[in-house]
2 protein chains.
Amino acid sequence: MATIYQVSELAGVSLATVSRVMNNNVRVSEATRNKVLQAMEQLGYRPNSIAQSLASSRSNSIGILVSELHGPFYGEMLTGIEAEFRAAGKHVIIAAGHSERATEEDGIDFLRSRNCDALILHVEAVSDQFLVDLSKKETPFVLLNRQVPALADRCISLDNELGGYLATRHLLEQGHRNIAYIAGPMWKADARDRFHGHQRALTEYQLSADDALFFEGDFRETGGSKGLDALLASSRPFSAIVCANDEMASGALTAARELGYEVPADFSVMGFDNVNFAYYTYPKLSTINYPVSAMGQMAARWVLKQVYQQSSIDVQQIFNPHLIPRDSVAAATVT
Amino acid sequence: MATIYQVSELAGVSLATVSRVMNNNVRVSEATRNKVLQAMEQLGYRPNSIAQSLASSRSNSIGILVSELHGPFYGEMLTGIEAEFRAAGKHVIIAAGHSERATEEDGIDFLRSRNCDALILHVEAVSDQFLVDLSKKETPFVLLNRQVPALADRCISLDNELGGYLATRHLLEQGHRNIAYIAGPMWKADARDRFHGHQRALTEYQLSADDALFFEGDFRETGGSKGLDALLASSRPFSAIVCANDEMASGALTAARELGYEVPADFSVMGFDNVNFAYYTYPKLSTINYPVSAMGQMAARWVLKQVYQQSSIDVQQIFNPHLIPRDSVAAATVT
DNA sequence: TAGTATTATGTAAGCGCTTTCATTTATAGC
DNA sequence: GCTATAAATGAAAGCGCTTACATAATACTA
């Protein structure tokens, strides 16, 4: 592999000049620039990014920590992030945190040790305090889908409360009054926020959440099927179920079918997230859109702006969800 | 950030000694090792991986190029790869190729310029020749889900032909004789291989593929729905459809329902890949298992063995698919 | 045309490590 | 106790770049 030195020799200039044309910041005369470019071409020169990083103390790499690499959700997020950075010539290092405190902390450590210029974190299990402490260290980071009051300027998140509200309001508008709720793990902030939105919608209709119609699931399909079982076992009547995400809604749909119920004839089901398979369930799932790819992209832009000084970039920190009505919700039959 | 120099000073030894204890390869006396370790601890020292890379000309990073970051398939693959490398202290840089020749070549270039020690490529659009040429350059790579004869020792792939065979044989065993086929894009090798397997199974039953019952799809849901339309339009009778992947099978299922058909009562549907949503379709999709996570992991092991000299590792290059019978296939009604 | 301001290029000191080679110190053999 | 050998440590030269700072070349002013 050719080095900058050989290029400088061939072009008959100094190292510094070659470096300058590479980083075309300082003025170099057209004549020498061409000589250098030509020498590079001729040698098939490619700068050594490691050496560049060491000398400039900038690695041009961004660490991304997500809970999982698979699943319908994170893939979209990574897509948004990668596309943005790739266009900017930065590269993306990934790690999975598996929603466990130790693994998440470990992942952050791993990424930091890789000299990332910045981190994009989708963490669920580490404490706010841990993040606040982390913010005092040198590596800057943004948080995706998490609100830490002390770190508000680095949070990019969805208004989950609004989403929960919209889901339930949709059902209320369709005439439903006995609405069950299958929540996510309540230690997760987004699960709580969505539930709060649900409560707010109920309150607007002078209703309140019925404990017997509440089930705390795990954000996975099994949570939905178990939730449905539990709800049915409570023998409390309901005509609709709000699920805190699409996976659980899908689980509920499958379980309902296996138990001989028909959705939405027997009861309606709402999802949340609008992951791509929501369109392929039967019936097609009514849900709340989570613009996850756009949010991933925005996190990338935050980094470009804050860390790489691309000041012209605008960053939006709060995203609003919206309703996607499909076939799993029907009007309540008059009682 | 503390440097190795400060550690050496605090410990009262030379740089070289500190470096030795970090890479604990050369013998260092217990006494000095402890002094150094203690100094590191005290300073909260973390080696600068960039500097390590430059000095050792080894970046400990592996570039991964996949077609997409989202979708049920690649996520699984990345999970398998990341887990394996993370445990080995290597990190993973990702890029998307979007199944387009230019983007794939560009992505490879990008990864190479990042000084990756090795590449794991899931490429579909670049030519065999391009890969052969690439193999002559310094960066080693493995190919996932692709067979290039000249590069057989670096290919990790599924026996797609066998998978296609198993899918169709399953249908034949259930008594089906008029079997339609919705293929993937036939310029992709895996699509072709699966189809060849299909043909082989037919041949074993003294049947042959009927052109009127063949449709070339795009591996996406729309391919499945369009395929079903086309098949129906041909007015050739069939009692089963083999789809070359689960997405298309899911599309066919949805389209069938919308057209008033019932699966598997009116006709059976086979998928391929066993992506996770195959379990959540209605009816649950009978399919062929593609051990994609295991294969990703194996690609990582190939790298560990070939590039990082972990010679004790065993690598399996060809994986066998197997049948997952579920609810979308039923026995043919006697004619 | 000298004097000054600009612009273009070169010199050389790092960036924080690894690694070869030389040197010192410990261990063993007699 | 003295040499031969092995084990532990140190000195120093890079790895391939970036970036002050210094210097040379050119343009501009009066």
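Annotations for the structure displayed:
- Probe 1.4 Å, accessible area per residue of the protein assembly as shown, Å²: 42
- The fraction of accessible area contributed by carbon and sulfur in the protein assembly as shown is 48 percent, rounded to a whole number (1.4 Å probe; ligands and nucleic acids excluded).
- Label-point separation in nm, B:E41 to A:M22, each point 7 Å along Cα→Cβ: 4.1
- Residue-wise HN-Hα couplings along the range A:227-236, as the Karplus relation 6.51 cos²θ - 1.76 cosθ + 1.60 with θ = phi - 60° gives them from phi, are x, 4, 3, 4, 4, 5, 5, 5, 6, 8 Hz; Gly and Pro carry x.
- Residue pairs, from the table A:K137/B:K90; A:K137/B:K305; A:K90/B:K137; A:K188/B:K284; A:K136/A:K305, whose Cα atoms sit over 27 Å apart: A:K137/B:K305; A:K188/B:K284
- Counted charge near B:E161, where neighbours are those whose Cβ lies closer than 11 Å (Asp, Glu -1; Lys, Arg +1): 0
- Gaussian network model of chain B, Cα within-10 Å springs - most flexible of B:R194, B:R86, B:R154: B:R86
- For A:I324, the residues 5 or more places off, or on other chains, whose built amide H falls under 5 Å of its own are A:T287, A:I288, A:N289.
- Distances in nm from A:S127 to the matching label points in the other copies, shortest first (labels 7 Å along Cα to Cβ): 6.1
- Euclidean distance of C-alpha centroids, the range B:267-287 and the range A:32-64, integer Å: 49
- Note on chain B: dipole from Cβ charges, positive end direction compared against B:L232, B:M77, B:C243; the farthest Cα belongs to B:M77.
- Expressed in Å, the radius of gyration and Dmax of the Cα atoms of the range B:4-47 are 8.9, 24.
- Overall form of the protein assembly as shown per C-alpha gyration tensor (a/c, 1.5; a/b vs b/c): oblate
- Residue mean of other protein chain beta carbons inside 10 Å, A:71-77: 5
- Estimated FRET transfer efficiency when R0 is 22 angstrom, pair A:A233-A:E100 (beta carbons, to 0.05): 0.10
- Charge tally for B:Y181 (other residues, Cβ to Cβ under 11 Å; Lys, Arg +1; Asp, Glu -1): -2.
- Rounded to the nearest 10 degrees, the angle from helix A:30-43 to the longest Cα principal axis of chain A is 70 degrees.
- Chain A: angle of helix A:292-306 to the longest principal axis, Cα-based, in degrees nearest 10: 40
- Sorted shortest first, the separations between the B:T333 label point and its copies elsewhere in the assembly read 3.0 nm; each point sits 7 Å from Cα along the Cα-to-Cβ line.
- Residues losing 40 Å² or more accessible surface upon assembly, the range B:40-58, compared with the chain by itself, 1.4 Å: B:R46, B:S49, B:I50, B:L54
- Neighbour-limited loop hits for GluC sites (Glu not before Pro), the range A:232-301 (at most 16 other Cβ within 10 Å; DSSP other than H, G, I, E, B): A:E262
- Within chain B, percent of DSSP bridges classed antiparallel, to nearest 5: 10
- Reference-scaled alpha-carbon Rg (2.2 N^0.38 Å with N residues) for the range A:86-138: 1.17
- P(r) weight above 37 Å for chain A, C-alpha pairs, percent: 34
- Taking the chain by itself as reference, the range B:92-120 contains these residues with an accessible-area loss of 30 Å² or more in the full protein complex (1.4 Å probe, heavy atoms): B:V92, B:I93, B:I94, B:F110, B:S113, B:R114, B:N115.
- Each copy carries A:Q309; placing its label point 7 Å along the C-beta direction from Cα gives inter-copy distances of 4.2 nm, listed from smallest up.
- Loop-resident sites, the range B:96-188, for GluC sites (Glu not before Pro), counting at most 12 other Cβ within 10 Å (DSSP): B:E138
- Highest-MSF residue in chain B out of B:P149, B:P291, B:P72 [GNM, Cα springs under 10 Å]: B:P149
- When the accessible areas of A alone and B alone are added and the area of the pair subtracted, with a 1.4 Å probe, the result is around 4400 Å², both sides summed.
- With Cα atoms defining each centre, the range B:311-332 and the range A:198-257 are spaced 36 Å apart in the structure.
- Relative packing of A:49-55, B:29-35, A:73-79, which averages over residues the other C-beta atoms within 10 Å, highest first: A:73-79, A:49-55, B:29-35
- Residue by residue along A:149-161, Cβ atoms of other protein chains within 10 Å of the local Cβ number 0 on average.
- A:D210/A:D109 FRET efficiency (R0 41 Å; Cβ-Cβ; nearest 0.05): 0.40
- Per residue of A:219-226, other chain Cβ atoms within 10 Å of the residue Cβ number 1 on average.
- Angle between chain A longest axis and helix A:160-173 axis [Cα atoms, degrees, rounded to 10]: 30
- For the range A:160-290, a Kirkwood hydrodynamic radius built from all Cα pairs, placed in the Stokes-Einstein relation at 10 °C and 1.306 mPa s, yields a translational diffusion coefficient of 114 µm²/s.
- Top of B:V315, B:V13, B:V292 by mean-square fluctuation, Gaussian network on chain B, Cα under 10 Å: B:V13
The values are calculated or read from the model by the stated rules, or taken from the named source; none is laboratory data. All values derive from a computational prediction rather than experimental measurement. Quick reminder, even Gly has a Cβ in these numbers, built from the backbone with ideal geometry, and neighbours come from all protein chains shown. Side chains are part of the model used for accessible areas, which takes the heavy atoms of the whole protein and leaves out ligands, DNA and RNA. Shrake-Rupley method; radii C 1.70, N 1.55, O 1.52, S 1.80 Å.
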